[in-house]
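The values are calculated or read from the model by the stated rules, or taken from the named source; none is laboratory data. If you're wondering where the values come from, they're calculated on a predicted model, not measured in any experiment. Don't worry about glycine lacking a Cβ; one is built from the backbone with ideal geometry, like all the others, and counts go over all protein chains shown. Side chains included, ligands, DNA and RNA excluded: accessible areas come from the protein's heavy atoms. Shrake-Rupley method; radii C 1.70, N 1.55, O 1.52, S 1.80 Å.
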Amino acid sequence: MDNAAAWPIWLNWDYNCLTLGDKGITDLVRQARQAGMAGIVMRVSNKGALNYRSKVGEVYHERLEAFGPDFDPLRQLITEGRRQGLGVGVWFDLYEGAYDKLLREHPECRSLGLPGQPACETVPCYAEAAVREYTLRLVDEFVAYQPDRVFFCTKSSHAPNGSGLANNPDPGFNAPAVARYRELWGDKVAPPAFDRAKLAAIHGEFLLDFLAAAHQRLQVARIETVLGVTLSGNLQAVGNVHLDWRQVIARRAADALVVANSRPEMRVLFSEAGQRQWHAVATAAHDAGMKCFPYVVASGTYSALIQNFGTAAVHDYLPRQMDYFRALGGDGLVVHDMDLLTYDAGLRQCHWQVLGQSLAPVALAPATAFLPPPKLQPPADLFPVAAATMMWPRHWYLASSLADTATS
């Protein structure tokens, strides 16, 4: 059986960082296919400005038109994927809104603070019906491109460098959320006294309303809905939303879950506590007929390994990590920013080929068994101190202090 079909690895390509024209996209698809990857998912948002020819949102005209007046990288990716036999998809950040036309024209759609406090300028609030409706119109545009999947990422919310945009750590006091809170917890409760966890759960419900509607549209078009979730339910992108993976499964708001879609949680799966929680998520998802994918942030792990130990180190580690994730019982893997390991096309293809060749069958461990984290053997002749002290595993592969809190 084809490795890509047996245990698919999907690469998240950040078009904002690796910006390519027609030929570059053609070559990227060829490299991924030859390396045995299942597909590429392209990031279509740069802080809310869109990297495709949208008629709904704000188009990043300067970037696209540098390659021609009609150039559309998303169209090119999907065309090349179909031609070369590679899966293709849309990667959309749910909380990237710094350049979003809707937030600029309707500031009430931002995640608002209490009176006298700033809003989260870059964060859309899904409690607002206008945000849900606007984003569903973007989903309709994704459907028109006919990708294989749409990945809704909950990880990112960037403010432009040097912008000084406000970042209120305690937002979410939009009128629909306040009304819902009072409906549930009493109309005499003043917003300053709101329980933060209860307010966050309400925002999670509104987000789920959007996700369920988006999934329905994508399902009709036979496009897979992939959603990034965290083990804790807390989203990295914004501090006032609690998205419970149990509720996502209960509402069938996606076809597949990506765990854990968060930099603070990305090492948790390498702990015993994290493995127990992973098995709980994966079992519940499988029971509901959904897939479950581990999530790797390549730009925060593989690139640092190369920097500290050299290329050979990451090539030694990749097969071990693939065995580890397969033994966990994942349905495949989603790799974030694999394109960022290098801008050298030859080296990039080499890294991808090592990743793709590491898909030999492994025996699956029982769901209750603890799997030791994959180990890396730094070349002792080049790094005697690192090899002797073995300090690198503590930094890279042992669970962080978030493990227990993220799985409680």
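Tabulated values for the structure
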quantity: Number of the condition not met by N240 [criteria: (1) touching a residue at least 60 places away in the same chain (Cβ under 8 Å); (2) over 22 Å from L199 (Cα atoms); (3) surrounded by 22 or more Cβ atoms within 10 Å (Cβ to Cβ)]; calculated: (2)
quantity: Residue, nearest to Q321 (Cα to Cα), within the stretch 13-37, restricted to residues that are open to solvent by less than 20 Å² (accessible area, probe 1.4 Å) and either in contact with a Cys (Cβ under 8 Å, 6 or more places away or on another chain) or among the β-branched types (V, I, T) (or both); calculated: V29
quantity: Helices (runs of 4 or more DSSP H) within the stretch 61-105 that include 1 or more residues open to solvent by 40 Å² or more (accessible area, probe 1.4 Å) and at pLDDT 95 or above; calculated: 73-84
quantity: Flag for A253 being surrounded by fewer than 15 Cβ atoms within 10 Å (Cβ to Cβ) and not basic (K, R); calculated: no
quantity: Of residues in the stretch 256-280 being open to solvent by less than 30 Å² (accessible area, probe 1.4 Å) and assigned to a loop (DSSP other than H, G, I, E, B), the one nearest to Y302 (Cα to Cα); calculated: M266
quantity: Any pair with Cβ under 9 angstrom, 6 or more apart, that starts in the stretch 80-91 at a residue that is in contact (Cβ under 8 Å) with a residue 40 or more places away in the chain and ends at one that is charged (D, E, K, R) and in a strand (DSSP E or B); calculated: G87/R149; V88/R149; G89/R149; G89/E224; V90/R43; V90/R149; W91/R43
quantity: Members of the stretch 159-187 found to be polar (S, T, N, Q), touching a residue at least 40 places away in the same chain (Cβ under 8 Å) and open to solvent by 60 Å² or more (accessible area, probe 1.4 Å), listed by number; calculated: N167
quantity: Enumeration of residues in the stretch 38-56 that are part of a loop (DSSP other than H, G, I, E, B) and open to solvent by 10 Å² or more (accessible area, probe 1.4 Å); calculated: A38, K47, R53, S54, K55, V56
quantity: Test: R246 is open to solvent by 10 Å² or more (accessible area, probe 1.4 Å), basic (K, R), assigned to a helix (DSSP H, G or I) and farther than 19 Å from D93 by Cβ; calculated: yes
quantity: Any hit, the stretch 295-313, residues being buried (at least 17 other Cβ atoms within 10 Å of the Cβ), more than 23 Å from L257 (Cα to Cα) and either touching a Gly at 6+ places or on another chain (Cβ under 8 Å) or of a type outside the set (A, V, I, L, M, F, W, C) (or both); calculated: yes
quantity: Single residue of V150, V131, V123 found to be in contact with a Leu (Cβ under 8 Å, 6 or more places away or on another chain), open to solvent by less than 10 Å² (accessible area, probe 1.4 Å) and not in a helix (DSSP H, G or I); calculated: V150
quantity: Among (1) in contact with a Gly (Cβ under 8 Å, 6 or more places away or on another chain); (2) in a loop (DSSP other than H, G, I, E, B); (3) at pLDDT below 95; (4) open to solvent by less than 10 Å² (accessible area, probe 1.4 Å), the one test that S156 misses; calculated: (1)
quantity: Conditions (1) within 17 Å of V220 (Cα to Cα); (2) in contact with a strand residue (DSSP E or B) (Cβ under 8 Å, 6 or more places away or on another chain); (3) open to solvent by 30 Å² or more (accessible area, probe 1.4 Å): number failed by R110; calculated: (1)
quantity: Selection within the stretch 338-349 - open to solvent by 10 Å² or more (accessible area, probe 1.4 Å) and touching a helix residue (DSSP H, G or I) at 6+ places or on another chain (Cβ under 8 Å); calculated: L340, L341, T342, A345, L347, R348, Q349
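So that you can scan it fast, the table gives a plain yes or no per residue for (1) assigned to a helix (DSSP H, G or I); (2) open to solvent by 10 Å² or more (accessible area, probe 1.4 Å); (3) touching a residue at least 24 places away in the same chain (Cβ under 8 Å); (4) more than 24 Å from F293 (Cα to Cα):
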residue: V189; (1), (2), (3), (4): no, yes, no, yes
residue: L199; (1), (2), (3), (4): yes, no, yes, yes
residue: G204; (1), (2), (3), (4): yes, no, yes, no
residue: L211; (1), (2), (3), (4): yes, no, yes, no
residue: V226; (1), (2), (3), (4): no, no, yes, no
residue: Q236; (1), (2), (3), (4): no, yes, yes, no
